[in-house]
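What follows is calculated from the coordinates using simple rules that are stated; it is not laboratory data. Worth saying up front: this structure is predicted, and the values here are computed from it rather than measured. Here Cβ is always computed from backbone atoms with ideal geometry, including for glycine, and neighbour counts include all displayed protein chains.
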Amino acid sequence: MDFFLEQTNILLVVVAVTAVVALALPSFLKGGAKSVNVQQAVQLANHKQAVFVDIRNHDAFKAGSIPQARNIPIADLANKLNSLAKDKPIIVFCEHGRDSVRVGADLRKKGYAEAVTLDGGLRNWLKEGMPISKKS
């Protein structure tokens, strides 16, 4: 008990608890959305025929997106939900990966058990040197 009472040790305990909370917070904030990195996404696409869903607006999609990705902007998602198969993995992404976290969690709640988000979104895809294609 003396360990916790010394001022220096109290500071160490506070720092340790803060570090644990900081590491756990991103997972907690995802609210049920599972995420995959770029390599895991490629594996899902190659081995389980996962569908990439770009939730950015049409103009951003046309400027460049992951090859074979479908564009379903967030605003249209509720109306086009039935066009997504529930028996295949769905990899949701946006520009930075922020909006897709919420969408991925919503999809999982609506029965798309294999819906995941792409960590870091399209920016991370490009950072990893992966190809994009311009859409017409």
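Does Val116 satisfy the condition of being assigned to a strand (DSSP E or B) and surrounded by 18 or more Cβ atoms within 10 Å (Cβ to Cβ)?
So Val116 fits the description; yes.
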Residue among Ala75, Ala105, Ala63 that is free of Cβ contacts under 8 Å to residues at least 40 places away in the same chain, more than 13 Å from Val36 (Cα to Cα) and of a type in the set (A, V, I, L, M): Ala75
Test result for Phe93, among the aromatic types (Phe, Trp, Tyr) and in contact with a helix residue (DSSP H, G or I) (Cβ under 6 Å, 6 or more places away or on another chain): yes
Flag for Asp99 being among the acidic types (Asp, Glu), free of Cβ contacts under 8 Å to residues at least 12 places away in the same chain and closer than 19 Å to Ala60 by Cβ: no
